[in-house]
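Enquirer: Pasting a structure below so you can have a look.
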Amino acid sequence: LAAETGKPEAGDPVQFELMGNEMETLRELSEQVQATLATIPGTVDVRDNMGNMQVDIRLEPKREALDFYNISHEELASQIRFAMGDQEIGKFAVGGVKDDLEIRMGTAWPSRSGALGGPTQMEELMTVRAFQPNGATIPVMAVVQPHIGSSPLSITRQNGQRSIVVSSKVADRAASEIVNDVTPTLEELQKTWP
């Protein structure tokens, strides 16, 4: 609950919101806006709300290889989902008013030191094996192509579209002065944006 005191919000006084469909494009535009805003006197701590990026590995199925090994997309997705995390396979009834204990099953990855979760190193990912319908196994890399990239820790949305908020604190100037100074430059930049 927040009391309606009429006082200003705790957020940064200067904020620009960028909205679109492609997160990578929004990230590039955010960098342009941040660089522009940082040149305006009186701006302090210019940043966006995306925070640090995390390493992201996308596994793209090789359709021909899946057909050759007779593995369906659904079966491959299920096997990779199991290898990348842990699955609840049942519950152990404790009795009384205590919550039942979850029984979870997954792979014990050395980099996790006994904790649940998927592999954290590429070398561990290379050891994952896919099961064929006849019970034989093959290296999962024989049927997927890894693509390494980066992704934000969170994705914000506004009215159904992805969005990034670029914000700044102010020092020795009013926020309205800073917005007035930077707006013409941003309007010119916007003409080149998708």
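The values are calculated or read from the model by the stated rules, or taken from the named source; none is laboratory data. Only a predicted model underlies this, so the values are computations on that prediction, with no experimental measurement involved. When we count neighbours, we look across all protein chains shown, and the Cβ atoms used for this are built from the backbone with ideal geometry, even at glycine. When the accessible area is computed, the model is the full protein with side chains, heavy atoms only, and any ligands, DNA or RNA have been set aside. Shrake-Rupley method; radii C 1.70, N 1.55, O 1.52, S 1.80 Å.
Enquirer: Can you pull out every residue in the stretch 175-191 that is within 14 Å of Thr43 (Cα to Cα) and either open to solvent by 80 Å² or more (accessible area, probe 1.4 Å) or not in a helix (DSSP H, G or I) (or both)?
Expert: Glu177, Asn180
Enquirer: What is the one condition in (1) open to solvent by 40 Å² or more (accessible area, probe 1.4 Å); (2) over 20 Å from Leu66 (Cβ atoms); (3) of a type in the set (Gly, Ala, Ser) that Ser163 does not satisfy?
Expert: Failing condition for Ser163: (1).
Enquirer: Give the residues of the stretch 144-157 that are exposed (fewer than 13 other Cβ atoms within 10 Å of the Cβ) and modelled with pLDDT of 75 or more, sorted by residue number.
Expert: Scanning the stretch 144-157 gives Gln145, His147, Ile148, Gly149.
Enquirer: Separate question: Looking at this structure, is Gln32 in contact (Cβ under 8 Å) with a residue 60 or more places away in the chain, assigned to a strand (DSSP E or B) and open to solvent by 70 Å² or more (accessible area, probe 1.4 Å)? If you could, list the steps in order and put the result at the bottom.
Expert: Working: in contact (Cβ under 8 Å) with a residue 60 or more places away in the chain: yes; assigned to a strand (DSSP E or B): no; open to solvent by 70 Å² or more (accessible area, probe 1.4 Å): yes.
Criteria not met by Gln32.
Enquirer: Kindly indicate whether Arg58 is within 17 Å of the chain's Cα centre (by Cα) and charged (D, E, K, R). Let's see the steps before the verdict.
Expert: Working: within 17 Å of the chain's Cα centre (by Cα): yes; charged (D, E, K, R): yes.
Considered against the rule, which asks whether it is within 17 Å of the chain's Cα centre (by Cα) and charged (D, E, K, R), Arg58 comes out as yes.
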